[in-house]
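Trainee: What follows is a single structure, and I will ask about it in a moment.
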Amino acid sequence: MAVQNTYISDREAKELICEIGKRVYNKSFVAANDGNISIKVGDHELWTTPTGVSKGFMTPEMMVKMDLSGNVLEGNLKPSSEVKMHLRVYQENPEAKAVVHAHPPVATSFAIAGISLEKPVSPEAIVLLGKVPVAPYATPGTQEVPDSIAPYCRDYNAVLLANHGALTWGRDITEAYFRMESLEHYALMLMYSEHIMQKSNELSTGQIADLISIREKMGIKTGGIPVPGNDKNIRTAPGLQEEMIESIVQKVTEEVLKNVLK
């Protein structure tokens, strides 16, 4: 099915980027000149943040307009070298209209540890965010970075960048930014429950299916299906590899979901 694209104006895009920049800066999701933000304003055009400027102190005049091939169309400043990530998301995922890259401290700590965020403990995280994988380490600013995230752009809503930070995208800038907020909140809950309290009660396959049903009714088709790690009947079966376990549990979840959606 073809994606029906509607876009905001250039002026709105530049103003919204500045607003979201203030939000990520005020929440300490970035420090100094970290992070970058972009919004598509056409099938092949986008506005993005300039390099070397704090996200908390930007003005619309600083923004840079580019095409999806990376050519600068308008603007007096240079775009961030990390805009390559944004371009790759748009190239891989036609539904994405905005991208946010930041370094939220707790989520980035999971990225540094190489731990994905996929435990089914939070209904809100399952519905609004889904599973968040870790992309392999790549040198910031190089072509390695967009190549490392490419496998995740279509099926997920966010990705952790190993030893670097996080990237979220959405159907508009609000959704992309809220996913960054949800990502950090989810990571914080997992840090407390898993690594400080050392106890968490995971949702069941049936409960996850109910949440996936809610997610689909909201028009969100991506995010993956979290796999309960406490399904002892499956996980204690001899000879099963982790990949096979995840495949089995996901199939069970999908079957339950089919029944819920009838």
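The values are calculated or read from the model by the stated rules, or taken from the named source; none is laboratory data. Keep in mind that this is a model prediction, so the values were computed, not measured. Cβ sites come from the backbone with ideal geometry, for glycine too, and all protein chains shown count toward neighbours. Keep in mind that these areas ignore ligands, DNA and RNA; they rest on the heavy atoms of the full protein, side chains included. Shrake-Rupley method; radii C 1.70, N 1.55, O 1.52, S 1.80 Å.
One line per residue, one yes/no per condition, for (1) more than 12 Å from Pro50 (Cβ to Cβ); (2) touching a strand residue (DSSP E or B) at 6+ places or on another chain (Cβ under 6 Å); (3) open to solvent by 50 Å² or more (accessible area, probe 1.4 Å):
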site	(1), (2), (3)
Gly70	yes, no, no
Ser80	no, yes, no
Val89	yes, yes, no
Ala96	yes, yes, no
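Trainee: Could you please find all residues in region 35-46 being charged (D, E, K, R) and open to solvent by 50 Å² or more (accessible area, probe 1.4 Å)?
Mentor: Narrowing region 35-46 to residues charged (D, E, K, R): 40, 43, 45.
Across region 35-46, the qualifying residues are Asp43, Glu45.
Trainee: Looking at region 25-32, is at least one residue crowded, with 17+ Cβ neighbours inside 10 Å, at pLDDT 95 or above and of a type in the set (Gly, Ala, Ser)? Walk me through it before giving the result.
Mentor: Taking region 25-32 first, the residues crowded, with 17+ Cβ neighbours inside 10 Å are 25, 29-30.
Subset that is at pLDDT 95 or above: 25, 29-30.
Now restrict to residues that are of a type in the set (Gly, Ala, Ser): none.
Within region 25-32 (the criterion being crowded, with 17+ Cβ neighbours inside 10 Å, at pLDDT 95 or above and of a type in the set (Gly, Ala, Ser)), the answer is no, since none of the residues qualifies.
Trainee: What are the residues in region 37-65 that are touching a residue at least 40 places away in the same chain (Cβ under 8 Å) and within 21 Å of Pro94 (Cβ to Cβ), if any?
Mentor: Selection gives Ile37, Ser38, Ile39, Lys40, Leu46, Lys65.
Trainee: Would you point out the residue of region 104-113, among those that are open to solvent by 50 Å² or more (accessible area, probe 1.4 Å) and touching a residue at least 40 places away in the same chain (Cβ under 8 Å), that is nearest to Asp147 (Cα to Cα)? Break it down stepwise before answering.
Mentor: To start, the set of residues in region 104-113 that are open to solvent by 50 Å² or more (accessible area, probe 1.4 Å) comprises 105, 109, 112-113.
Of the ones still in play, those that are also touching a residue at least 40 places away in the same chain (Cβ under 8 Å) are 105, 109, 112.
Values: Pro105: 24, Ser109: 22, Ile112: 19 Å.
Residue satisfying both the conditions and the ranking: Ile112.
Trainee: Sticking with this one: Quick test of your reading of the structure: Glu181 fulfils all but one of (1) in contact with a Pro (Cβ under 9 Å, 6 or more places away or on another chain); (2) surrounded by 24 or more Cβ atoms within 10 Å (Cβ to Cβ). Name the failing condition by number.
Mentor: The failed condition is (2).
Trainee: Shifting gears a bit: Would you mind telling me which numbered condition in (1) among the hydrophobic types (A, V, I, L, M, F, W, C); (2) in contact (Cβ under 8 Å) with a residue 60 or more places away in the chain; (3) over 26 Å from Ile112 (Cβ atoms); (4) in contact with a Ser or Thr (Cβ under 9 Å, 6 or more places away or on another chain) Leu183 fails?
Mentor: The single condition Leu183 does not satisfy is (3).
Trainee: Kindly establish whether Asp43 is over 30 Å from Ser109 (Cβ atoms) and among the acidic types (Asp, Glu). Steps first, answer last, please.
Mentor: Values: over 30 Å from Ser109 (Cβ atoms): yes; among the acidic types (Asp, Glu): yes.
When the stated conditions are applied, Asp43 passes them.
Trainee: Something else now. Return a yes/no flag: does region 47-63 have any residue that is open to solvent by less than 10 Å² (accessible area, probe 1.4 Å), touching an Asp or Glu at 6+ places or on another chain (Cβ under 8 Å) and under 16 Å from Val100 (Cβ atoms).
Mentor: The answer is yes, given that some residue of region 47-63 is open to solvent by less than 10 Å² (accessible area, probe 1.4 Å), touching an Asp or Glu at 6+ places or on another chain (Cβ under 8 Å) and under 16 Å from Val100 (Cβ atoms).
Trainee: While we're here: Do any residues in region 209-226 that are of a type in the set (S, T, N, Q) have Cβ atoms under 7 Å from those of residues that are surrounded by fewer than 18 Cβ atoms within 10 Å (Cβ to Cβ), where the two are at least six apart or on different chains, and which pairs are they?
Mentor: Cβ pairs passing all conditions: Ser213/Val260; Ser213/Leu261; Thr222/Asp155.
Trainee: Also, I was wondering about something else. Determine, yes or no, whether Met66 is among the aliphatic types (A, V, I, L, M), within 17 Å of Ile20 (Cα to Cα) and modelled with pLDDT of 95 or more. Let's see the steps before the verdict.
Mentor: Numbers: among the aliphatic types (A, V, I, L, M): yes; within 17 Å of Ile20 (Cα to Cα): no; modelled with pLDDT of 95 or more: yes.
Answer is no for this residue.
Trainee: Please go through region 144-162 and pick out each residue that is touching a strand residue (DSSP E or B) at 6+ places or on another chain (Cβ under 6 Å) and not polar (S, T, N, Q).
Mentor: Restricting attention to region 144-162, the residues satisfying the condition of being touching a strand residue (DSSP E or B) at 6+ places or on another chain (Cβ under 6 Å) are 148-149, 152, 158-162.
Within region 144-162, Ile149, Tyr152, Ala158, Val159, Leu160, Leu161, Ala162 meet the criteria.
Trainee: Another question, if that's okay. Which residues, taken from region 125-179, are of a type in the set (Phe, Trp, Tyr) and in contact (Cβ under 8 Å) with a residue 24 or more places away in the chain?
Mentor: Tyr137, Tyr156, Trp169, Tyr177, Phe178 - these are the residues of region 125-179 that are of a type in the set (Phe, Trp, Tyr) and in contact (Cβ under 8 Å) with a residue 24 or more places away in the chain.
Trainee: From the list Tyr192, Tyr156, Tyr177, pick out the single residue that is under 29 Å from Ala31 (Cα atoms) and part of a loop (DSSP other than H, G, I, E, B).
Mentor: Details: Tyr192 fails: part of a loop (DSSP other than H, G, I, E, B); Tyr177 fails: part of a loop (DSSP other than H, G, I, E, B).
Just a single option satisfies the conditions, and that option is Tyr156.
Trainee: Being hydrophobic (A, V, I, L, M, F, W, C) and modelled with pLDDT under 95 is the filter; apply it to region 1-22 and report the residue that is most open to solvent (accessible area, probe 1.4 Å).
Mentor: Initially, region 1-22 is screened for residues hydrophobic (A, V, I, L, M, F, W, C), giving 1-3, 8, 13, 16-18, 20.
Of the ones still in play, those that are also modelled with pLDDT under 95 are 1-3.
Values: Met1: 228, Ala2: 77, Val3: 57 Å².
Here the answer is Met1.
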